[in-house]
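The values are calculated or read from the model by the stated rules, or taken from the named source; none is laboratory data. Keep in mind that what you see is a predicted model, and the values were worked out from it rather than measured. Here Cβ is always computed from backbone atoms with ideal geometry, including for glycine, and neighbour counts include all displayed protein chains. Side chains included, ligands, DNA and RNA excluded: accessible areas come from the protein's heavy atoms. Shrake-Rupley method; radii C 1.70, N 1.55, O 1.52, S 1.80 Å.
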Amino acid sequence: MRYPRFLLIFLMSLLASLPGLSQETFFRNVFEPKGGSYVEVMALCSKLPSTGYAPIRVTLANRTQVPASVSLNFRSESSAAYYRSDGKLSMSSSFSVSAAAGTVSTVDLMVPVASCVKSGGSYGGSSGQQSLELTMFGVSSGSYTQSSNIEDDFPNILMSEPLYTPYASALDAETAKASGSSHGYSGGSPSFAGKFTPTKMAEDWRAYSGYDRIIMTDDDWLAMTPGARAAVLRWNRLGGELQLIAFNPGSTPNTLGISFDSNNGDIGVRGMGHVEIEKYTPPTIDVPAMVSKVSSPRTGVPAVFQSAYLKNDYPGSWGLQNSMGTKTFHFILFILIMIAYGVLVAPVNLFVFAKSGMRHKLFTTTPIIAIGASIAMVGLIFLQDGLGGKGVRAQLMEVSSEDGDNNAYIYQEQVSRSGVLIGNRFHMNDACVITPLPLAQSQWTRLNLDSKTDQNYTINADDKGMQVTGDWFQSRSEQAQLLRAILPSRARIEELPAGESPALLSYFEYEIDILFIRGTGGKFWKAEHVASGKNFLCTETTASDYESFVDSRASLLGNANKERLKALSRRENHFVAVSKSAPMMETFTSIRWKDNTSIITGDIRKAEKP
């Protein structure tokens with residue numbers, strides 16, 4: 001009986017590893033066998049992201065004498081646990097890949113996925129199911145579906161293949177043990193991580209935007225292309241957690257090419273993210289300690305993960321939405337119109353307009369009364385709700401202080417209330433991540449944690465940005481979105497030689513309304529109405545004034561961004577500023593944004609020598 005049992009265990013282990021393998025290569029189709037022409041579609045990560053984009057690599061090897069092309073249509077869906085009947089979110093996108101005769105074309109597609117923003121209920125900790133379906137046609141055709149479970153109470157992690165292969169089973173078992181349940185109603189036991197191959201990683205930060213943490217060895221880090229490492233570091237500065245397992249005793253931030261803004265014990269701080277370099281003696285790692293580390297909140301880091309804060313931060317008391325105020329729907333006016341219509345179309349129409357002997361007039365008067373009532377209803381809707389809509393926006397912007405990194409790292413939150421909308425299509429110039437946010441249930445909201453209605457979205461990339469359409473903005477509704485972007489910027493605040501009071505120069509292209517500085521030695525400074533390109537002086541202020549300023553601005557943001565701002569505000573020799581005139585990422589042009597608040601932070605740099 002020993003051999004059959006051993007064989008059974010071996011087969012179970014093999015089967016457990018198959019999903020990770022099958023989720024990497026969608027398919028490889030040979031469309032011209034004689035020359036070996038083929039199309040290969042590969043998912044670079046074996047687990048789908050909670051939001052944002054899934055990186056898909058398409059290789060079209062065309063060894064024929066004519067051009068070849070394929071069209072790829074993707075549809076992603078997310079839903080609560082399968083036993084619930086709540087509405088689904090879907091995200092559609094289309095791409096085209098071509099190759100000239102006798103060439104090989106390799107393209108990394110950033111495929112938008114439906115975000116996990118629906119409630120998974122009280123059975124287990126899974127947020128629900130996610131899927132990504134591909135249909136391809138052209139010189140070759142095929143289809144494939146990738147699926148994942150996303151957890152609310154555990155981060156969405158990527159792990160490099162050299163770590164994943166020997167430790168995945170033990171990490172999964174420890175994760176299930178730590179969770180205290182098998183998540184039986186939510187689609188199976190939780191998995192610790194999805195895997196990736198370090199040498200095949202994307203060079204676009206958006207490929208990692210839907211993951212909370214990336215774990216790899218120091219050798220894996222150095223095996224990545226310089227472009228992929230730069231993309232991961234940008235994702236990290238925007239709030240991602242990077243964990244490096246150092247099997248080489250000599251590995252340091254310098255040898256790995258990573259610079260820290262500051263150190264918090266063994267953890268390096270980079271903007272809104274953190275890097276941890278853990279020394280291990282090869283070839284073992286501490287599995288329980290790793291599971292405990294990634295699932296436990298740390299000071300200065302939001303205590304929840306993307307799949308959780310996207311659904312929990314905004315349906316409650318969200319300061320930005322509260323600032324927009326409330327609107328009452330006047331049912332009585334519509335009821336009065338319906339009563340008037342009923343009176344006119346029946347007794348008045350029958351006994352006055354088309355009285356006995358003139359019943360044939362009903363064929364004329366009835367349509368006229370119906371059309372009149374319809375016009376009155378439409379007119380009332382326009383008078384009450386108006387055309388277009390109004391909204392408010394707030395963004396948290398961190399200006400990088402890292403040498404050679406001339407970028408601004410941005411979270412933009414926005415909420416709007418619409419009247420009658422003509423169309424729902426808009427164009428975005430910036431390559432960003434846009435996520436629909438659930439709001440508290442009301443007569444105006446269409447997306448909430450328990451809404452039964454499906455929500456359909458489309459994003460298609462073009463040479464000028466993104467074409468966006470679908471249910472992002474709907475007539476007579478309240479809707480909200482979270483946008484994330486990394487945009488080029490040389491904006492900064494420079495310190496000029498001066499006396500006791502700091503003399504500074506603003507390189508921002510817009511006016512800063514108010515600016516606070518946390519200096520060294522417990523000192524705080526303040527300036528107002530800081531003009532672009534002009535020198536200005538600061539006056540000394542108190543710590544309580546500084547904290548009050550930060551708290552009042554943080555109250556506009558969702559909890560995760562609120563925690564990020566508070567952590568950033570604790571840095572010495574850094575500023576926190578507010579501007580009402582800073583540009584924001586534009587979405588639907590029919591919405592009039594009546595209030596824009598930009599909360600900007602960064603370091604005080606020494607003036608560059610001429």
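Details
- Whether a residue is polar (S, T, N, Q), at pLDDT 80 or above, surrounded by 15 or more Cβ atoms within 10 Å (Cβ to Cβ) and farther than 30 Å from LYS594 by Cα was assessed, and SER323 does not pass this test.
A quick yes/no check of all residues on (1) open to solvent by 30 Å² or more (accessible area, probe 1.4 Å); (2) of a type outside the set (S, T, N, Q); (3) assigned to a loop (DSSP other than H, G, I, E, B):
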position: SER442; (1), (2), (3): yes, no, yes
position: LEU449; (1), (2), (3): yes, yes, yes
position: THR469; (1), (2), (3): no, no, no
position: ALA485; (1), (2), (3): no, yes, no
position: ALA491; (1), (2), (3): no, yes, yes
position: LEU504; (1), (2), (3): no, yes, no
position: GLU509; (1), (2), (3): yes, yes, yes
position: ASP513; (1), (2), (3): yes, yes, no
position: GLY521; (1), (2), (3): yes, yes, yes
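- For PRO436, the criteria (1) open to solvent by 40 Å² or more (accessible area, probe 1.4 Å); (2) at pLDDT 95 or above hold in every case but one, which is (1).
- Subset of segment 204-252 (residues that are in contact with a Lys or Arg (Cβ under 6 Å, 6 or more places away or on another chain), open to solvent by less than 10 Å² (accessible area, probe 1.4 Å) and closer than 29 Å to ALA461 by Cα): ASN236, ARG237
- Within segment 403-440, being within 20 Å of GLY210 (Cβ to Cβ) and not in a strand (DSSP E or B) holds for ASP430, ALA431, CYS432, PRO438.
- Qualifying residues in segment 26-49 (those that are under 36 Å from the mean Cα position of the chain (by Cα) and not hydrophobic (A, V, I, L, M, F, W, C)) - the one surrounded by the most Cβ atoms within 10 Å (Cβ to Cβ): PRO49
- Residue check: SER598 meets all listed conditions (1) in contact with a Ser or Thr (Cβ under 9 Å, 6 or more places away or on another chain); (2) open to solvent by 40 Å² or more (accessible area, probe 1.4 Å) but one, namely (2).
- Just one of (1) over 23 Å from TYR309 (Cβ atoms); (2) assigned to a strand (DSSP E or B) fails for ALA582. It is (2).
- Any pair with Cβ under 8 angstrom, 6 or more apart, that starts in segment 351-373 at a residue that is surrounded by 10 or more Cβ atoms within 10 Å (Cβ to Cβ) and ends at one that is modelled with pLDDT under 80 and assigned to a loop (DSSP other than H, G, I, E, B): LYS361/ALA354; LEU362/ALA354; THR365/ALA354
- Residue match in segment 326-336 (condition: open to solvent by less than 60 Å² (accessible area, probe 1.4 Å) and at pLDDT 75 or above): no
- Inspection of segment 104-116 identifies at least one residue that is of a type in the set (Ser, Thr, Tyr) and at pLDDT below 95.
- Filter result (outside any strand (DSSP E or B) and either closer than 23 Å to SER90 by Cα or open to solvent by less than 10 Å² (accessible area, probe 1.4 Å) (or both)) within segment 155-180: PRO155, ASN156, LEU163, LEU171, THR175
- Residue match in segment 415-428 (condition: under 24 Å from ALA554 (Cα atoms) and either of a type outside the set (A, V, I, L, M, F, W, C) or open to solvent by 10 Å² or more (accessible area, probe 1.4 Å) (or both)): yes
- For segment 524-553, the set of residues classified as free of Cβ contacts under 8 Å to residues at least 24 places away in the same chain and among the small types (Gly, Ala, Ser) consists of ALA527, ALA543, SER544, SER548, SER552, listed by residue number.
- Residues (part of a strand (DSSP E or B) and more than 28 Å from LEU320 (Cβ to Cβ)) located in segment 526-555: ASN535, PHE536, LEU537, THR539, GLU540
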